[in-house]
1. Residue check: is A:Ser41 without any contact (Cβ under 8 Å) to a residue 24 or more places away in the chain and more than 28 Å from B:Val145 (Cβ to Cβ)?
2. Taking the condition more than 9 Å from every other protein chain (Cβ to nearest Cβ), among the β-branched types (Val, Ile, Thr) and free of Cβ contacts under 8 Å to residues at least 12 places away in the same chain, does B:Val81 pass?
3. Could you tell me how many of the residues in the stretch A:101-143 are part of a helix (DSSP H, G or I) and free of Cβ contacts under 8 Å to residues at least 12 places away in the same chain?
4. Residues of the stretch B:3-51 being part of a helix (DSSP H, G or I), surrounded by 15 or more Cβ atoms within 10 Å (Cβ to Cβ) and of a type in the set (S, T, N, Q), which ones?
5. Across the stretch B:213-230, what is the number of residues that are over 22 Å from B:Leu131 (Cβ atoms), within 14 Å of chain A (Cβ to nearest Cβ) and either surrounded by fewer than 21 Cβ atoms within 10 Å (Cβ to Cβ) or touching an Asp or Glu at 6+ places or on another chain (Cβ under 8 Å) (or both)?
6. So, in the stretch A:168-197, how many residues would count as being open to solvent by less than 50 Å² (accessible area, probe 1.4 Å), aliphatic (A, V, I, L, M) and over 21 Å from A:Leu150 (Cβ atoms)?
7. So, in the stretch B:231-256, exactly how many residues are open to solvent by less than 30 Å² (accessible area, probe 1.4 Å) and farther than 15 Å from A:Val107 by Cβ?
8. Can you find a residue in the stretch A:106-117 that is more than 8 Å from chain B (Cβ to nearest Cβ) and in contact with a Ser or Thr (Cβ under 7 Å, 6 or more places away or on another chain)?
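The values are calculated or read from the model by the stated rules, or taken from the named source; none is laboratory data. Remember, it's a predicted structure, so these values are computed and weren't measured experimentally. Methodologically, a virtual Cβ is constructed for each residue, glycine included, from the backbone with ideal geometry; neighbour enumeration extends over all protein chains shown. Keep in mind that these areas ignore ligands, DNA and RNA; they rest on the heavy atoms of the full protein, side chains included. Shrake-Rupley method; radii C 1.70, N 1.55, O 1.52, S 1.80 Å.
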Amino acid sequence: MEWSLSIAAGLSAAAIVCILFLLGFFCMPLLASGEILRIFSWTWQPFHGHFGILPMCAVSLLLSVAATSLAFPVAVGICCYANFLVPAGAGRLVLTLMHFMAGIPTVIYAFVSIFLLVPLVRDHLQCGTGFSFFTAMLTLSLLILPTMVLVFNAHLQQADPILRLAAEAAGMNPVQQVRHLLIPTASRGLVIAAVLGFGRAVGDTMVSLMLAGNAPQLPGSPFDSVRTLTAHIALVISTDSQSMAYQSVFASGLVLFFLLSTINLLIRRIGRRQGGAAS
Amino acid sequence: MNRPSDWIISTFCRLCTGATAAATLLLVGFLIVRGIGTLHTRLFFGETPWVQAVTGRQPIFEGIWPALCGTVLLVLLSAAVSIPIGTASGIYLSEYASRRTRSLLGFAVDVLAGTPSIVMGLFGFTLVLFLRRTLFPDARTGLSVAALCIALLILPYVIRTTQAALQAIPHSVRMIGPSLGFTRWQNVRHILVPSASRGILSGSILAIGRAAEDTAVILLTGAVARAGLPGSLWDKFEALPFHIYYLAAEHRTSLELDQAFGTSLVLLCLTGTLFMTASFIRRRLERRWSTK
C-alpha cells in the first residue's frame with residue numbers, strides 16, 4: 001500500500017511538468033522562427049500582422065496592483081475589527097461572512113456587477129460604456145478580499161496568545177493592541193496576504209473578461225476599456241483566428257505560468273525566513 | 001479610545017467591515033430579488049414535462065437541467081480523480097517524505113495551486129492538440145478533458161488540507177500506534193488517517209465547491225451553450241457557470257436574462273452549501289483538538 005502513496009505524490013508533481021512541457025512545446029515554433037520578438041511588442045492588430053501581447057501583460061499587472069492596493073487596507077481593517085474591536089461571537093460572524101464570500105463563484109461576482117456596477121459607472125460618472133478598467137478593478141478587489149482576510153487571519157491566530165495577555169495586562173486598549181501588537185508581529189502575514197491576493201487577481205479570468213471591455217490597448221484613463229492576459233487567452237481561443245494569433249496565446253499562457261510561479265517562490269521565501277526567525 | 005488617532009483607526013475598521021458586508025448583502029439580495037421568481041420547474045425543464053425530461057425520453061430546449069447535470073457530472077468525475085490521488089499525496093507528504101522531498105514536492109504543489117484556471121484550461125486545449133498530432137488523430141475537447149483539468153485545478157487543495165489535517169494531530173495521539181507496536185503503515189491506516197478524516201473531508205468538499213464554480217477551464221475545454229445531456233465522456237457538455245457567462249454575453253430576450261438570474265441563484269445555492277458545510281466541519285474540528 002505504501003508504494004501507491006509515493007506514486008500518487010509523483011503523479012501530482014508530474015502534472016506541473018506536463019503543463020510546462022505542453023505550453024513550451026507549442027511555443028517552440030515561435031522561438032525557432034525568431035518570431036517571438038513580434039509577440040513581445042506593443043500593438044495587437046491581428047489583421048495587420050501585429051501580434052504584440054505586451055499591452056495585455058501591462059494591463060494585467062496594473063489591474064492587479066490597483067485591485068490589491070484597494071482591497072489590502074480593507075482586508076486589514078476587517079481583520080482588526082474581527083479580532084480586536086468586537087466580542088469573539090461577532091468576530092466569528094464576520095469570519096463566517098468571509099468564508100461565504102470566498103464561496104461565491106467568480107462568474108456570479110462578474111454577472112451581478114454587469115447589472116449593479118456597470119450602469120452606475122456609465123450613468124453617474126458619464127464615462128463610456130461602463131465596461132472599463134475601473135469597473136473590473138472594483139469587482140476584482142471584492143473578489144480577492146476574502147482570500148486576503150482569511151490568510152491574514154490564519155497568521156494572526158498563530159501568534160502567541162501570551163502576547164495578547166501581556167498587552168491586556170499592560171492596560172492597552174484594543175486600538176493600541178492593533179497598532180503596537182498586531183501590525184509588528186504579523187507583518188509577514190500581511191505581506192503574504194497581499195502577495196496571494198495579487199496572485200489571485202492576476203490569475204482571474206471571468207471578472208476581466210466580462211467587465212473590462214476587452215479592447216487590446218493601454219488605458220489612458222481608468223474608464224477606458226482594457227484587456228488582460230487571461231481574457232486575451234479566452235477570447236483568442238474562442239474566436240479561432242489565424243495561426244500566429246493562436247501561437248501568441250501559448251506565449252501568454254507561459255508568461256502567466258512563470259509570473260505565478262515567481263509569486264509562489266516569493267511567498268515561500270518569505271515563509272521560510274519567518275520559520276527561521278521563529279526557531 | 002481617548003486619542004483622535006485611535007478613533008480614526010477604529011472607525012476605519014468599522015467602515016471596512018460594514019461596507020464589505022453591505023456589498024455582499026447587496027449582491028446576494030439582488031440575485032434573490034431578480035432570481036426567486038424564476039425558480040420553478042420551468043427554469044429547469046422548459047416546456048418539457050419533468051418526468052419525461054429526467055428519464056431522458058424527451059429533449060429539453062429551454063431549461064437548465066442539462067447544465068445542472070453537466071456540472072454534477074464534471075464535479076463527480078474530477079473528484080473521482082483528484083480526491084484519491086490528492087489524499088494519498090497528502091499522506092505521503094506529511095508522513096513519509098524526507099525533508100528534502102517534502103520541500104521539493106511542496107513547491108510543485110504550490111506552483112500547481114498558483115496556476116490560474118485559464119492556464120489549466122489552456123493545458124487541456126494543448127493536450128488535445130498534442131494528442132491529435134501524435135497518438136489519437138480524432139481527439140477533441142469534451143467532458144473527460146475538462147474533468148481532468150478541473151481535477152488538476154483542485155488537486156492542490158485536497159493535498160494541502162490532507163497534509164494540514166495530519167500535521168495538526170497532537171503528539172500524544174500520534175504516539176498511540178508506535179506504543180502498541182504498530183508498523184508505520186498500520187499507524188497511518190488505523191490511527192492517523194481516521195483522526196484526520198474530518199479535515200480531509202472538509203478539504204474535499206471545499207475542492208468540490210471549487211470544481212463546481214470554475215468557468216475559465218471549461219471555457220477552453222469543451223463547454224458549449226447547447227449540447228443537451230452528454231451521451232459519452234468525449235461529448236461536449238453544458239455547465240451552470242458557463243451557462244451564466246453565455247447568457248450574460250448573448251441574451252436576446254428578457255426571458256433569457258431571467259433564466260440567467262435563476263441559474264446564478266441555483267449555482268450560488270450549490271456552492272454556498274458546499275462551502276458552508278466545509279467550514280462548519282472545519283470549525284467542529286478545531287474545537288475537537290483544542291478541548292483536549
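1. yes
2. The answer is no for B:Val81.
3. 10
4. B:Ser10, B:Thr17, B:Thr20, B:Thr24, B:Thr38
5. Total satisfying the criteria: 1.
6. Total meeting the criteria: 1.
7. Matching residues across the stretch B:231-256 total 1.
8. Yes; the residues of the stretch A:106-117 include at least one that is more than 8 Å from chain B (Cβ to nearest Cβ) and in contact with a Ser or Thr (Cβ under 7 Å, 6 or more places away or on another chain).
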